[in-house]
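Chemist: Okay, handing you the structure first.
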Amino acid sequence: MMRKSTSVTFALLFLFSLLAFSCDYSKPVDLGLPSGTLWMSSNERGYYNYENAIKKFGDNMPTYDQWKELWSFCQWTWDDDGYQVVGPNGNEIFFPANGYYNDNINKKQSVGSVGFYWASDPHGYSSWAHCFDLKERWMDPINNYHNLSVRLVINN
């Protein structure tokens, strides 16, 4: 009798685990941008080099122009460890200063002080990335092998 109860318990725990891992923790947010682009509420988990990011996320990575639109039409406020971004319609998202992952030393670096996020646009042997610290935001061509954060969009 004890064995059957244990089997049922393990089966229920297994099903619960599957459901928990399949739930999407990031939701699309309409910031009221002219293009109609929806930005996801949180980053993808982990850090990606450019090639892996493009393979995994493809057309859902923001373009250079979508980053520029986000800068132009939203209010950006530094909040201890990243930027709170408020759209024209009052909806908001947060970009943590996740730093980057350094493969050479197998360690995250600059967490809490800078953020690096891939754009989908290549730039020669590099690719564009949205970069920021507490004082400014900029677009910079970053070598494709670097491991940066990814924030996805839904294009309308």
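Bear in mind these aren't lab numbers, they're just calculated from the coordinates by the rules spelled out. These numbers come from a predicted model, not from an experiment. Here Cβ is always computed from backbone atoms with ideal geometry, including for glycine, and neighbour counts include all displayed protein chains.
Chemist: Report, ordered by chain and residue number, the lysines lying within cross-link reach of Lys68, taken as a straight Cα distance under 19 Å and ignoring same-chain residues fewer than 8 apart.
Modeler: Lys68 reaches Lys135.
Chemist: Can I ask one more? Students often get this wrong: which residues of segment 83-105 have the backbone nitrogen under 16 Å from the point 7 angstrom along Cα-to-C-beta of Tyr25?
Modeler: It comes to 94-98, nothing else.
Chemist: Right, something else. What shape does segment 19-145 have by the C-alpha gyration tensor, where a ≥ b ≥ c are the square roots of the eigenvalues, rounded means a/c under 1.5, and otherwise prolate means a/b greater than b/c and oblate the rest?
Modeler: It is rounded, given that a/c, with a ≥ b ≥ c, falls under 1.5.
Chemist: Hey, got the dipole for segment 27-154? About the Cα centre, +1 on K and R Cβ, -1 on D and E Cβ, debye to the nearest 20?
Modeler: Using Cβ point charges on Lys, Arg, Asp and Glu, segment 27-154 gives about 280 debye.
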